[in-house]
Every structure is written in C-alpha cells, then in structure tokens.
Amino acid sequence: TPGNSGNIWTLAGVFVCAIEIGGASLLGMDPTTTVLPVTVIGFTADKIFLRGALFETCYRSIFPQYKQKVIRHEAAHFLVAYLLGCPIESCILSAWDAMVDPRFVGQAGTLFFDPAFSLQVSSGRIPRSTLDRYSMIVMAGIAGEALEYGKAEGGSSDEMAIIELLTSTNPPWSLERVRDQ
C-alpha cells in the first residue's frame with residue numbers, strides 16, 4: 001500500500017517483547033515462562049475468538065486517528081461502489097461489529113453485492129470492464145487513505161482480494177499484469 005512501512009508491526013512486536021523481557025527481569029521473573037507465553041496466547045486467542053477486536057480497541061486507544069483512517073478508507077469504498085452503480089450490502093467500521101457479522105473476515109469493511117459480477121465469477125468469464133470496476137472499488141479504500149494521510153495503513157486484504165481474483169481468471173493474469181491493474 002502507498003507509503004506503508006511493511007516492517008512497522010515487526011518493530012512494534014520487537015519493542016513489546018523488549019519491554020516484557022525488561023519488565024519481567026526487573027520483577028525477578030523468567031520472561032520465557034511468564035509474560036511472553038501469556039502475550040502470545042492472548043494475541044492468538046484475540047485473533048481466533050475475537051477476530052482481533054481486542055487488539056484493535058487497544059490500538060485505537062493508543063492511536064485515536066486510526067478511527068478516522070478506517071472511516072475514510074471504508075467511505076472511499078462506499079462512495080466509489082455507489083458511483084459505479086454497485087449495490088452496497090453493508091459497511092462496518094469496527095472489529096466488534098465485524099465480529100458479530102459472519103460476512104466479514106477482517107476488522108472493518110464494506111460489502112457490496114453485484115449479482116452480475118457473481119454470475120461472471122462463477123462462470124469464469126469476467127469482462128475487462130467488470131474487472132476494472134471491481135478494481136476501482138477495492139482499491140478506493142487505499143486511495144482514500146493515501147490522499148488524506150500520504151500513506152495507507154489498511155488495504156492488504158484489498159490487495160489480496162484483487163490478486164486472488166485476477167490470478168483465478170482463465171487464463172490467470174501474470175504478476176506483472178496484476179501489478180499494472
């Protein structure tokens with residue numbers, strides 16, 4: 001995604017580990033048998049059972065501007081889908097809302113339903129105009145964020161959705177052609 005530093009989460013994880021190791025050591029505890037396993041289990045449980053809602057809540061409290069980024073990202077999907085005549089089914093702005101709606105996989109999202117697109121995908125014959133329309137809607141979130149903030153935090157799932165669609169066409173698109181799209 002534009003301007004996104006791919007290593008930010010790795011660095012954040014290393015920072016949290018360093019704090020936990022230092023804190024546990026100061027308290028006379030072995031970090032490998034106390035705080036580190038609890039953290040790993042906590043993150044895993046949050047991801048599996050709460051779809052990351054707990055982590056997102058913590059992240060939003062540390063970085064309040066994240067909420068506005070999510071709103072802008074989803075609003076861009078919504079607006080472009082609407083302008084291109086694609087029916088909006090739902091728009092969710094938090095992981096807690098997404099958790100109770102089985103249609104959502106991530107922490108926020110905009111669902112649109114286009115019966116013609118669904119038929120084209122199932123038949124394996126997707127016209128170029130449909131691929132362009134779908135690409136514009138999916139990439140609008142990244143563009144909306146990048147226009148306002150100069151970079152996009154979200155969008156990896158959007159990028160993966162386009163890659164999966166384009167590489168599943170018959171014949172599948174090459175990686176270079178996918179990047180161009």
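The values are calculated or read from the model by the stated rules, or taken from the named source; none is laboratory data. Values in this document were obtained by computation on a predicted structure and should not be read as measured data. Because the Cβ atoms are built from the backbone with ideal geometry, glycine has one as well, and the counts that use them run over all protein chains shown. Remember, those area values only see protein heavy atoms, side chains included, never the ligands or the DNA or RNA. Shrake-Rupley method; radii C 1.70, N 1.55, O 1.52, S 1.80 Å.
So here's what we get for this one:
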read-out: Of the criteria (1) assigned to a helix (DSSP H, G or I); (2) farther than 28 Å from GLY52 by Cα; (3) at pLDDT below 85, which one ALA98 fails; value: (2)
read-out: Within segment 136-158, tally of residues that are modelled with pLDDT of 90 or more and of a type in the set (S, T, N, Q); value: 0
read-out: Residue list for segment 1-31, filter: of a type in the set (Val, Ile, Thr) and at pLDDT 85 or above; value: ILE19, ILE21
read-out: Total residues in segment 101-110, condition modelled with pLDDT of 85 or more and open to solvent by 30 Å² or more (accessible area, probe 1.4 Å); value: 0
read-out: Number of positions in segment 101-116 that are touching a Leu at 6+ places or on another chain (Cβ under 7 Å) and either in a helix (DSSP H, G or I) or not small (Gly, Ala, Ser) (or both); value: 1
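So that you can scan it fast, the table gives a plain yes or no per residue for (1) loosely packed, with under 11 Cβ neighbours inside 10 Å; (2) in a strand (DSSP E or B); (3) out of contact with any strand residue (DSSP E or B) (no Cβ under 6 Å at 6 or more places or on another chain):
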{"site": "SER25", "(1), (2), (3)": "no, no, yes"}
{"site": "PRO37", "(1), (2), (3)": "no, no, yes"}
{"site": "THR57", "(1), (2), (3)": "no, no, yes"}
{"site": "SER61", "(1), (2), (3)": "yes, no, yes"}
{"site": "GLN68", "(1), (2), (3)": "no, no, yes"}
{"site": "ILE71", "(1), (2), (3)": "no, no, yes"}
{"site": "TYR82", "(1), (2), (3)": "no, no, yes"}
{"site": "SER90", "(1), (2), (3)": "no, yes, no"}
